[in-house]
Amino acid sequence: MSLKGKTAIVTGSNSGIGLGVARELARAGAAVVLNSFTDRDEDHKLAEDMGREFGVDVRYIKADMSKGDECRALIEQAGACDILVNNAGIQHVAPIDEFPVETWDRIIAINMNSAFHCTAAALPLMRQAGWGRVVNIASAHGLTASPYKSAYVSAKHGVVGMTKVVALETAKEQITCNAICPGYVLTPLVEAQIPDTAKEYNMTEEEVVEQVILQRQPSKEFATVEQIGGTAVFLCSDAAAQITGTTISVDGGWTAL
Ligand code: NAD
């Protein structure tokens, strides 16, 4: 599968799944735009090293995905967008009656609204090119729920709904829009919620991994960022040209339960 000649923008891609997806797209030959809200030397070095490793053009563009205008500016600044991966996301774990309002707003903005802004800005470029792929990184929590994750589950269900709408609006074009729904992948986002979950359930952190996190995943294994990246590359392939408006779970059987 060659994505040579295509430009991919991956939001929230200096870490975790976004970085893994960006690496697989670069491996497949796409030029890649990495993004996060920071503008550190190491962000630009990450892009430089990835470009050298895969022999493709890789740039890093700073844009805060909690702000609609910066989402749109990211796409504009990139100049081309054949593949858009809406990946940026954060998490917070708390009972709904104690959920901080500002944190709710931030999760909805970064995890859901950014996908709206980036997609809205990217579609004209895809239409101009006559080809496009929108890949939303949703979650098993876009299809099912867990306690204490009201904002995250709401945002991810919203992204799955938006995926279907974008697919219908582009159905007659060479553009598809799908959502990947990962189960647990061991990234900084998951590592960060282990202490809070331990507090909620009154458990040790080891017990949380075994009895709470992987308890939901029948395979008893974390999915890997390479597997999520490989799924994104598949969705960009010709074999997936008629796959649109749907979800692909990469969750070790979680949502089959
Ligand atoms: P992560 O914390 O490793 O990565 C999140 C990325 O988003 C980072 O690159 C971070 O810099 C970026 N980001 C955060 N706030 C941002 C902002 N305001 N503007 C721009 N970028 C921002 O987490 P991850 O686990 O790799 O999560 C990536 C996506 O995958 C998220 O949407 C998450 O909901 C989803 N997901 C993760 C898992 C999992 O188990 N790790 C499972 C299902 C879905």
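The values are calculated or read from the model by the stated rules, or taken from the named source; none is laboratory data. Note that the structure is predicted; figures quoted are calculated from it, not measured. Quick reminder, even Gly has a Cβ in these numbers, built from the backbone with ideal geometry, and neighbours come from all protein chains shown. In case anyone asks, the SASA skips ligands and DNA or RNA and just uses the protein heavy atoms, side chains included. Shrake-Rupley method; radii C 1.70, N 1.55, O 1.52, S 1.80 Å.
Structure values in brief
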{"read-out": "Any hit, the stretch 139-152, residues being closer than 24 Å to Asp105 by Cβ, of a type in the set (Val, Ile, Thr) and under 16 Å from the mean Cα position of the chain (by Cα)", "value": "no"}
{"read-out": "Residues satisfying the stated conditions in the stretch 86-112, i.e. of a type outside the set (Lys, Arg) and open to solvent by 60 Å² or more (accessible area, probe 1.4 Å)", "value": "Ile96, Asp97, Glu98, Val101, Glu102, Trp104, Asp105"}
{"read-out": "Among (1) assigned to a helix (DSSP H, G or I); (2) surrounded by fewer than 24 Cβ atoms within 10 Å (Cβ to Cβ); (3) away from the ligand (no atom under 13 Å from the Cβ) - the single one Arg23 does not satisfy", "value": "(3)"}
{"read-out": "Residue that is nearest to the ligand (Cβ to nearest atom) [pool: residues in the stretch 6-20 that are surrounded by fewer than 24 Cβ atoms within 10 Å (Cβ to Cβ) and part of a helix (DSSP H, G or I)]", "value": "Gly16"}
{"read-out": "Filtered residues of the stretch 150-184 (kept if of a type outside the set (S, T, N, Q) and touching a Phe, Trp or Tyr at 6+ places or on another chain (Cβ under 6 Å))", "value": "Ala151, Gly183, Tyr184"}
{"read-out": "Scan of the stretch 135-152 for residues that are farther than 20 Å from Leu235 by Cα and near the ligand (Cβ under 8 Å from one of its atoms), ordered by number", "value": "His141, Tyr152"}
{"read-out": "Check on Asp43, closer than 18 Å to Leu125 by Cα, assigned by TED's automatic domain parsing to the domain that holds Met126 and in a helix (DSSP H, G or I)", "value": "no"}
{"read-out": "Qualifying position, being within 16 Å of the ligand (Cβ to nearest atom) and either more than 19 Å from Ile75 (Cα to Cα) or assigned to a helix (DSSP H, G or I) (or both), among Ala171, Ala120, Ala155", "value": "Ala155"}
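Here is a yes/no grid of residues against (1) more than 19 Å from Val21 (Cα to Cα); (2) exposed (fewer than 14 other Cβ atoms within 10 Å of the Cβ); (3) touching a Cys at 6+ places or on another chain (Cβ under 9 Å):
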{"site": "Lys156", "(1), (2), (3)": "no, no, yes"}
{"site": "Thr163", "(1), (2), (3)": "no, no, yes"}
{"site": "Ala167", "(1), (2), (3)": "yes, no, yes"}
{"site": "Thr170", "(1), (2), (3)": "yes, no, yes"}
{"site": "Gly183", "(1), (2), (3)": "no, no, no"}
{"site": "Gln193", "(1), (2), (3)": "yes, no, no"}
{"site": "Glu206", "(1), (2), (3)": "yes, yes, no"}
{"site": "Phe234", "(1), (2), (3)": "no, no, no"}
{"site": "Ser237", "(1), (2), (3)": "no, no, no"}
